[in-house]
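The values are calculated or read from the model by the stated rules, or taken from the named source; none is laboratory data. Only a predicted model underlies this, so the values are computations on that prediction, with no experimental measurement involved. Here the Cβ positions follow ideal geometry from the backbone for every residue, glycine too, while neighbour counts run over all protein chains shown.
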Amino acid sequence: MNKPLALFLGLRYLRASKGNSFISFVTAASVIGVALGVATLIVVLSVMNGFEIELRDRLLGMTAHASVLGQQGGLNDWETIAGHMQTGTGISGAAPYIELEGMVSGPAGYAGAVVTGIDPERERTVSKVADNMLTGNLDELQPGSGKIVLGRALAQRIGVSLGQRISVLVPQPLDSAAGVSSRLGSFEVVGLFELGVQDHDTVRALISLADANELGRMQGRVSGIRIVTTDIFAAPGMVRRQLSGIANSDTLRVRDWTQENASYFRAIRIEKLMMALLLSLIIGVATFNIVASLVMVVTEKRGGIAILRTMGCSRQDIVKVFVLQGTLVGWIGAVIGIILGIAMAMNIGTLAPALEQALGFQFMPADLYYLTELPSDLRLTDVFWVGVVVLILTSLATVYPSLRAAGIQPAEVLRYE
């Protein structure tokens, strides 16, 4: 038996004989099951990828790709370090900052805050705060201006709005036995921002670098320098290589975005893996249908298989017939599912609102989530691995029925024909 004959028989056995359409129904259910499983898996992985990118962009909207830090007292010669870092290949921005932990108070009460001193002009090169201002402008944070920009959630928490004044209390350690003192400042709220991440919107308060230096008694030092690169994934190595060219670089350290937000991205990767495993069960159920349909075909075609064996077909030839049949069923479903999944993933922004309107509810209500639409990022690697999984599962599904067909003894079957 040659391959075209094996393929012909495999295609012929996909159709049930007259009076037994149940096999065709099970085969169709297998194709539909594989297609739905593949499409669902591609769409969910694309949405999870979109969430990961969206979260990463929002988290890095304030913290940049990496930070150069000094000893406990901060950086002294920060201008020289920032200038050297900006000369590096692939580094697109460097901006100093001062970070002070304290409390802010308004008409509604007190709240813990991270008071961050920035240079508005340089800050634009390393963060997205200026692009996410709800009201006001970062340029108003001039040295000695006594002005402050708050995260929207923080402003709501202490009950302040644009133009009102708030008090900022910053504790400071002392070398004496007194332990800790505090510095109190009064600032006018001149802007509100919203990055869409609670870690920033609920605690961040921005003032000018000079005002933060005075409030925190930094004596011209800064807490660190934020760095932005052209390639976020190469940022950790890129910044460290550039920093190694600075004198006394051993007294400096780099903290990159993978360290700052490790728990967030680890959680997303685990969720993505678990969702992929759970949705793979749909494909697994479909492969069991393939096994069932092939077993029924083998049972129904016992006489035909016995005749083929008497005509000279070997066990390997019979195995080829049913392997081809089962693989065709799996891959027809896989191709349909891949096409459907890619189409849905690329048009999720249109499909999601249509489903919301049809079902009468919102997937992501604006009052609960910062994201009002489902993000999607279709990756060819995900499509490739989904196809590989389907190939493996459908190939495994043909093993038992094929061996069962090859084990049929012609003499026993034809004895009663």
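What the table below lists for this structure:
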read-out	value
Complete set of residues in segment 181-213 that are surrounded by fewer than 22 Cβ atoms within 10 Å (Cβ to Cβ), farther than 24 Å from Val254 by Cβ and under 24 Å from the mean Cα position of the chain (by Cα)	Glu194, Gly196, Gln198, Thr202
Of residues in segment 214-258 being surrounded by fewer than 19 Cβ atoms within 10 Å (Cβ to Cβ) and of a type in the set (S, T, N, Q), the one nearest to Gly70 (Cα to Cα)	Thr251
Strands (runs of 3 or more DSSP E) within segment 155-226 that include 2 or more residues at pLDDT below 85 and of a type in the set (Gly, Ala, Ser)	180-193
Residues of segment 227-256 that turn out to be touching a strand residue (DSSP E or B) at 6+ places or on another chain (Cβ under 8 Å), in a loop (DSSP other than H, G, I, E, B) and not polar (S, T, N, Q), as a count	1
Qualifying positions in segment 321-356 - over 22 Å from Arg379 (Cα atoms) and of a type in the set (Phe, Trp, Tyr)	Phe322
Pair list, Cβ under 7 Å, 6 or more apart: segment 145-159 residue closer than 16 Å to Pro107 by Cα, other residue assigned to a helix (DSSP H, G or I)	Arg152/Asp201; Ala153/Gln198; Ala153/Asp201; Leu154/Asp201
From the options Val335, Val383, Val388, residue that is modelled with pLDDT of 85 or more and either more than 15 Å from Ile42 (Cβ to Cβ) or out of contact with any helix residue (DSSP H, G or I) (no Cβ under 9 Å at 6 or more places or on another chain) (or both)	Val388
Options Asp367, Asp377; residue that is of a type in the set (Asp, Glu) and at pLDDT 65 or above	Asp377
Any pair with Cβ under 8 angstrom, 6 or more apart, that starts in segment 348-368 at a residue that is among the small types (Gly, Ala, Ser) and ends at one that is at pLDDT 70 or above	Gly349/Leu374; Gly349/Ser376; Ala352/Leu374
Residue in segment 383-402 that is surrounded by the fewest Cβ atoms within 10 Å (Cβ to Cβ), counting only those that are under 22 Å from Met296 (Cβ atoms) and small (Gly, Ala, Ser)	Ser395
Lone qualifier among Leu324, Leu351 - being at pLDDT 75 or above, surrounded by fewer than 17 Cβ atoms within 10 Å (Cβ to Cβ) and either assigned to a helix (DSSP H, G or I) or more than 20 Å from the chain's Cα centre (by Cα) (or both)	Leu351
Flag if Thr89 is of a type outside the set (A, V, I, L, M, F, W, C) and either touching a strand residue (DSSP E or B) at 6+ places or on another chain (Cβ under 9 Å) or at pLDDT below 80 (or both)	no
